[in-house]
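Let me begin by presenting the structure, written as structure tokens, before commenting on it.
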Amino acid sequence: MIRIVATLYALRTVWALFLAFGLGALLIAVSGGNPLSAYSALIEGAFLDYWGISGTLVKMSPILLAGLAVILSLRGGLLNLGVEGQIYMGGLFSSSVALYVTGLPTLLHLVLAILAGALAGGVWGMIAGLLKAKRGINEVIVTLLLNFVAINLVSYFAGGPMMQEGAPYPYSEEIPEGLFLPIILPMTDAHLGVVLGVVLAVVLWVLLRSSTLGFGLDLVGRNPQAAHYAGVNVGHTVIMTMFLSGTLGGLAGSFEVLGLKHRLYHLFSAGFGFDGIVVAFMAQLNPLMSVVTAFFLSGLKSGALMMQRAIGLESTVVDAVIGIVIICVAASQAFVFKADQWRAWFSRRQRLDAALAAQPQETR
Amino acid sequence: MDLAFLTDFLASSLRLSIPLVFAAIGVVWAERSGVFNIAIEGCILGGAFGAAIGTWWFGDPLGGLLMALVVAGLLGLLLGGLAVGLGIHQLVAGIAINLLVSGMTAYLARQILGASATAPLPGFGVWPIPLLSALPFVGPILFIQGPLAYLAYLAVPLAWWLLYRTPWGLLLRAAGDQPMAVDTAGVDVQRLRYVSVIGSSMLGGLGGAYIVLSQVHVFTENMSAGKGFIALGAVILGRWNPLGAAIACLAFGMADATQLRLQFGSPDIPYQLFSTLPFIAALVALVLMSGKVHAPAAVGKKFERSGK
């Protein structure tokens with residue numbers, strides 16, 4: 001019996017999702033739509049045909065990587081809210097290397113472009129780690145402020161030095177075709193980025209589970225003082241965590257440019273860094289689980305446009321529903337299974353039953 | 001640099017800092033009681049949204065102001081429920097609310113305002129203060145402003161007085177440093193924090209209302225544009241003191257006014273380069289002023305009574 005209760009608690013994210021979609025249905029109904037047809041159009045548009053799936057996978061590449069970035073930081077006890085900025089820096093450096101470094105063999109050039117993006121994101125994240133470790137400045141505020149710097153920097157480069165001549169709005173030249181990430185579903189935009197994201201999710205899971213680095217990171221996240229006494233260099237781990245987390249964000253931006261956009265556009269990331277936060281919490285900070293939650297969230301986002309086309313409901317309703325989802329999922333974190341309490345409750349009941357059974361017949 | 005230019009520059013710096021001042025006082029209030037309020041960004045946006053639909057609905061900026069306070073107050077209640085009531089990670093609760101507001105306002109603005117979204121809304125005009133506005137130099141800077149700006153002038157010293165000169169302020173500060181002591185004194189910490197978070201959010205809403213009703217007169221998606229985060233920086237720079245935070249907000253307002261002038265002055269350089277200036281200013285200030293910072297000791301920590 002207690003195991004059933006524990007399972008119910010473990011599924012709290014699922015209950016939160018049900019609640020959120022219920023509230024979302026209410027919102028749709030109030031604004032004059034039919035929730036059932038909206039949700040079915042959404043699901044159909046996202047998951048039920050070849051084109052829908054490919055659209056979902058396109059969005060999943062940055063969203064999954066952003067989710068992994070947030071998970072990594074939170075496991076280390078930090079909150080990286082700067083993934084959006086790291087995505088932009090990754091995109092900026094990957095596209096710069098792709099456009100301006102010449103004379104390299106294609107494969108080497110591609111690897112270099114990806115590494116440049118990862119490194120740029122990593123350094124951008126590490127700024128917050130350094131300031132946290134050395135000067136004690138709250139990493140949350142630093143990463144949030146750095147987002148705006150990065151977004152505006154990319155807009156500057158895409159609309160200034162890197163802008164293609166005669167372009168109607170800020171974007172750069174197209175990168176050489178050899179550097180496009182391979183397409184994984186023929187005839188669609190779904191590119192290798194999502195596969196690499198899944199691979200990295202597994203790598204991160206293994207790393208956090210069974211490596212010294214992962215153990216130190218987890219320890220710092222759970223109890224920095226204990227980590228210090230156990231001989232972990234806490235400051236170093238904080239810097240490393242933010243660097244690695246930023247790297248994942250940088251990769252998200254890099255893959256977005258090399259796999260999908262093929263140019264540096266201004267405002268090229270539609271808040272993927274913040275979707276990563278939603279993914280991380282739905283997955284309860286488990287990298288493997290985040291593959292599932294990222295797929296789900298990406299589906300909602302890519303199905304939104306199909307839904308708008310099918311039934312004419314504003315696609316922004318999905319952003320509103322996702323907002324409700326994150327609140328419900330966040331609230332569900334508070335409901336932690338406490339075995340002692342439940343065990344006490346069950347034993348009290350058993351005692352009551354026993355007492356009833358032991359009573360003489362006439363009272364029945 | 002001539003006097004007219006300087007007057008103009010300082011007046012616009014002040015105008016740009018008003019939303020930051022409201023938000024920063026709000027953040028001071030919440031964090032002094034022991035709760036992080038990074039949802040302040042969402043409260044500004046929610047306030048702006050409320051101001052726009054309220055004004056559109058009632059045809060009067062006062063209606064807008066009321067709706068701004070209602071929307072932001074509800075957001076505060078939500079943050080209180082999540083962060084104080086349920087005790088989940090306060091920063092996570094805050095960012096969750098920011099995401100909710102961003103999605104909700106974008107959708108609801110399209111649903112409610114629809115085609116009239118771009119039409120300028122009536123707002124509060126400028127209310128010059130008799131006599132004072134005639135003063136040379138300071139008159140045009142300080143005393144030819146909208147009513148909400150005057151409210152901000154009053155809010156800063158009022159917040160300082162409440163926080164440092166009243167028994168209630170002492171309790172509030174204690175709730176952020178030593179909640180156990182407040183509890184021992186027989187005061188309900190949770191309720192104190194609820195009230196603070198709701199009030200804090202309503203101040204953020206006032207900041208958003210100022211942007212819509214006194215500055216731009218329309219609602220656009222995500223128009224808070226990081227102002228809440230800059231206010232959070234200002235609070236750290238001001239050492240969680242309303243006066244210090246307001247001074248930091250003025251400095252950031254100046255940075256913003258500077259970048260706007262640079263934008264107009266050099267149209268051939270993409271303006272985004274200058275848009276980074278307020279954010280870089282905030283970051284640099286945080287780095288330069290770091291080291292001696294002491295946040296309220298219990299901020300971010302869930303309060304649980306012992307011995308239950």
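Rule-based calculations on the coordinates, nothing more; no lab input. Quick caveat, the model's predicted, so the values are computed rather than measured. Neighbour counts are summed over all protein chains in view; Cβ atoms, including those assigned to glycine, are modelled from backbone coordinates with ideal geometry.
Couple of notes before you dig in:
- Tensor-based shape of chain A (alpha-carbon gyration tensor, a/c under 1.5 rounded, otherwise prolate or oblate): oblate
- Full-stretch length increase - B:Trp57, B:Ala134 - with 0.36 nm per residue and alpha-carbon distance subtracted: 24.1 nm
- Structure remark: mean-square fluctuation, Gaussian network model of chain B, C-alpha springs under 10 Å; the largest value among B:Val235, B:Val27, B:Val70 belongs to B:Val70.
- Gyration tensor (alpha-carbon) shape descriptor, the stretch B:97-180, a/c threshold 1.5: oblate
- Normalised Debye scattering of the stretch A:1-110 at q = 0.22 Å⁻¹ gives log10 I(q)/I(0) of -1.17, counting only Cα atoms as equal scatterers and leaving out solvent.
- Annotation: the residues B:Met289, A:Met307, A:Met126, A:Met162, sorted from fewest to most other C-beta atoms within 10 Å of their own C-beta, follow the order B:Met289, A:Met162, A:Met126, A:Met307.
- Among the trypsin sites (Lys or Arg not before Pro) found in the stretch B:158-265, those both in a DSSP coil and sparsely packed, with 16 or fewer other Cβ atoms within 10 Å of their Cβ, are B:Arg239.
- GNM remark for chain B: springs join alpha carbons under 10 Å apart, and the peak mean-square fluctuation among B:Ala115, B:Ala68, B:Ala285 falls on B:Ala115.
- Whether the protein assembly as shown is rounded, prolate or oblate, judged on the alpha carbon gyration tensor where a/c under 1.5 counts as rounded: rounded
- Relative to the dominant Cα principal axis of chain A, helix A:50-75 is inclined by about 70°.
- Nearest-ten-degree value, helix A:193-210 long axis tilted from longest Cα axis of chain A: 50 degrees
- Cα centre as origin, Lys/Arg/Asp/Glu Cβ charges: chain A dipole, Debye: 1460 debye
- Axial C-alpha extent at least 24 Å, average Kyte-Doolittle at least 0.5 - helices from chain B (DSSP): B:3-32, B:40-58, B:61-79, B:90-112, B:147-165, B:189-210, B:242-265
- For chain A, the longest principal axis of the alpha carbon atoms and the long axis of helix A:12-30 meet at an angle near 70°.
- By the helix-only formula, in which each DSSP H run with n ≥ 4 contributes -39500 (n - 2.57) and the sum is divided by residues, chain A has a 222 nm mean residue ellipticity of -24500 deg cm²/dmol.
- Candidates A:His266, A:His191, A:His228: whichever shows maximal mean-square fluctuation once chain A is modelled as a Gaussian network with Cα springs under 10 Å: A:His228
- MRE, 222 nm, helices only [DSSP H, n ≥ 4, -39500 (n - 2.57), over chain B, to nearest 500]: -22000 deg cm²/dmol
- Mean separation of Cα contacts under 8 Å, 6 or more apart, over the residue count of the stretch B:201-251: relative contact order %: 20 percent
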